[in-house]
């Protein structure tokens, strides 16, 4: 069974810290939490205070414990517990789908559903049928298919939105890498 804390650690190696890149469609983010998508997240109060009063570390490991707790609670409640990640047999697979779910939304789950042996109707829900299909697929074969489909998706996204090319290296590295950011 996959463990949330391990998946969160992998996610934060990719998403960690504060970012406000004007080219990023997510806009202002902290540890991958987009203010545009989640404007009422309580962590924005910490961040806004730090921007006006400082200092606040923008590093997950040394950051404010209150803010870090809010990140933990946010991902557990809004992603992990809403899907069946804990029922996945393989931690690497759970980590991979989870981190891409944060990065690209439920599209990551549809891509996972299209990466399994057999045929299931992709519905963007990591429920019992999808989990059973993922668990029944050879781990290495699943990860090979999943990574390949992620790379393909990012290439299409960049072709359709050339301004996103600035993110290409990081997205492709993320798509190809199993586990934490090197």
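Of the residues making up segment 116-139, those that are crowded, with 18+ Cβ neighbours inside 10 Å and part of a loop (DSSP other than H, G, I, E, B) are 116, 126, 137.
For (1) touching a residue at least 60 places away in the same chain (Cβ under 8 Å); (2) within 18 Å of residue 179 (Cβ to Cβ), each residue gets a yes or a no:
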site: 78; (1), (2): no, no
site: 98; (1), (2): yes, yes
site: 107; (1), (2): no, no
site: 111; (1), (2): no, no
site: 116; (1), (2): no, no
site: 127; (1), (2): no, no
site: 130; (1), (2): no, no
site: 140; (1), (2): no, yes
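Annotation note: of 157, 164, the sole residue that is part of a helix (DSSP H, G or I) and touching a residue at least 40 places away in the same chain (Cβ under 8 Å) is 164.
Residue count for segment 19-32 under the criterion of being surrounded by 18 or more Cβ atoms within 10 Å (Cβ to Cβ) and either touching a residue at least 24 places away in the same chain (Cβ under 8 Å) or under 13 Å from residue 68 (Cβ atoms) (or both): the result is 3. Among the conditions (1) loosely packed, with under 13 Cβ neighbours inside 10 Å; (2) over 27 Å from residue 1 (Cα atoms), the only one that residue 144 does not satisfy is (2).
The numbers here are math on the coordinates, done by the rules we state, and not lab data. If you're wondering where the values come from, they're calculated on a predicted model, not measured in any experiment. When we count neighbours, we look across all protein chains shown, and the Cβ atoms used for this are built from the backbone with ideal geometry, even at glycine.
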